[in-house]
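One structure is given below, encoded as structure tokens.
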Amino acid sequence: MAKSFIVTTIVENELVAQNTYRMRIACPEIARSFKPGQFCMIRKPGVNDPLLGRPFAIYDLYRNMFSDPVGVDVMYLVVGKATAGFAELLPGQPIEIWGPLGNGFSLDSSVKHLIMLAGGIGQTPFLTLAKDALINKDIKISYPPVLPSPSPKITLCYGARSKDAFAGLDDFKKLGINLALTTVDGTAPDGFDCRQGFATDPMKEIFESEPADGLFVCACGPRPMLIAAQKLMNQYNVRGQMSLETPMACGLGICFTCVAKIQDDSGAWDYKRTCKEGPVFDAKRILWE
Ligand SMILES: Cc1cc2nc3c(=O)[nH]c(=O)nc-3n(C[C@H](O)[C@H](O)[C@H](O)COP(=O)(O)OP(=O)(O)OC[C@H]3O[C@@H](n4cnc5c(N)ncnc54)[C@H](O)[C@@H]3O)c2cc1C
Ligand code: FES
């Protein structure tokens, strides 16, 4: 892991959906040590406002002609000053990145059906997770994905406000996993089946039709979606993990800006730092204030 920000180069920075960009960053050290679900902090060099880096999931790794991982792709939604600044950057310009940070997802071989639940920009930690699960390893991802036996069935339940907000659908489709798409306004992206509703709707249908002990949910997205998902998971006794997108300042474990209330085995709770002990937590242990 890089111990602090490194200055490197942007390889690509393309608009891929409404207000959403995919930025490719050269950083072999981060790409080589990354685990799905981890994130990196990114900062525009030479800028004082905002001064601090911002956290982003690592969406994908990219490789050189010898298949060595040489960098990462992040996918970001423009919401404020930092992300608006990123959107102006061009290939060849410098960028500061630090990572990989946080714990990442962990799956075991009892998982028969992995449900990746994403809302908004919450699909970003799942491409590498799907690739990883497809090759049945929990640390490295490799290309092209190989389908060993047994590999879990994978469904991405992905909800957006409208069809234009979906980003990366072709990347997931290429993996051959099941896609269950929903939009709030009922619009459907070209070439994909999609229905009106929330991402938790198709997830609930899976809960109703398959044995709970083989199911495992990995969820990332807006808080109301995570709260609704947790309720359903408790109701149907389905295990899972959630990646929290709490605001972060230091990314170092020092400032406690990023804390979440997490229960321990005895039922007592404590604040855990999303940047250090997270961002991935056991779904049933998260308490919402
Ligand atoms: C572990 C982790 C992984 C993340 N991965 C990604 C990722 O892969 N892609 C991505 O786009 N974002 C991701 N985020 C969220 C991302 O860090 C924020 O969107 C970013 O910090 C916003 O910075 P900003 O300066 O542009 O906006 P700010 O100035 O910090 O915020 C501007 C406004 O937008 C609101 N806002 C901030 N974050 C969000 C949000 N996520 N959604 C909606 N409104 C928001 C703020 O409340 C504020 O009103 C992740 C967050 C965490 C903690
Ligand atoms: S961001 Fe400072 S402790 Fe997590």
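How many residues are part of a helix (DSSP H, G or I) and surrounded by fewer than 20 Cβ atoms within 10 Å (Cβ to Cβ) if we restrict to segment 208-225?
Qualifying residue count, segment 208-225: 7.
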> In segment 81-99, what count of residues is obtained for those that are closer than 12 Å to Arg54 by Cβ and either hydroxyl-bearing (Ser, Thr, Tyr) or free of Cβ contacts under 8 Å to residues at least 24 places away in the same chain (or both)?
Replying inline: 2
> So which strands (runs of 3 or more DSSP E) are wholly in segment 226-289 and hold at least 3 residues that are not β-branched (Val, Ile, Thr)?
Replying inline: 239-243, 259-263, 269-273
> Out of segment 170-200, which residues are loosely packed, with under 15 Cβ neighbours inside 10 Å, part of a helix (DSSP H, G or I) and not basic (Lys, Arg)?
Replying inline: Asp170
> Within segment 74-98, can you find the residues that are small (Gly, Ala, Ser) and either away from ligand 1 (no atom under 11 Å from the Cβ) or modelled with pLDDT under 95 (or both)?
Replying inline: Gly92
> Which one of the conditions (1) surrounded by 13 or more Cβ atoms within 10 Å (Cβ to Cβ); (2) within 16 Å of ligand 2 (Cβ to nearest atom) does Pro247 fail to meet, given that it meets all the rest?
Replying inline: (1)
>> Of everything in segment 46-67, what is closer than 16 Å to Ile97 by Cα and in a strand (DSSP E or B)? Give them in sequence order.
In response: Arg54, Pro55, Phe56, Ala57, Asp60, Leu61, Tyr62
> Residues in segment 165-179: is at least one free of Cβ contacts under 8 Å to residues at least 60 places away in the same chain and under 26 Å from Leu101 (Cβ atoms)?
Replying inline: yes
>> Among (1) closer than 20 Å to Ala180 by Cβ; (2) among the basic types (Lys, Arg); (3) within 14 Å of ligand 1 (Cβ to nearest atom), there is one condition Lys131 misses while meeting the rest; what is its number?
In response: (3)
> Here are some residues: Asp108, Asp49, Asp68. Which one is surrounded by fewer than 18 Cβ atoms within 10 Å (Cβ to Cβ) and under 20 Å from the mean Cα position of the chain (by Cα)?
Replying inline: Asp108
> Just one of Ala167, Ala130 is modelled with pLDDT under 95, within 13 Å of the chain's Cα centre (by Cα) and not in a strand (DSSP E or B); which is it?
Replying inline: Ala130
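The values are calculated or read from the model by the stated rules, or taken from the named source; none is laboratory data. Quick caveat: nothing in here was measured; it's all calculated off a predicted structure. In this analysis, Cβ positions are derived from the backbone assuming ideal geometry, glycine residues included, and neighbour counts consider all displayed protein chains.
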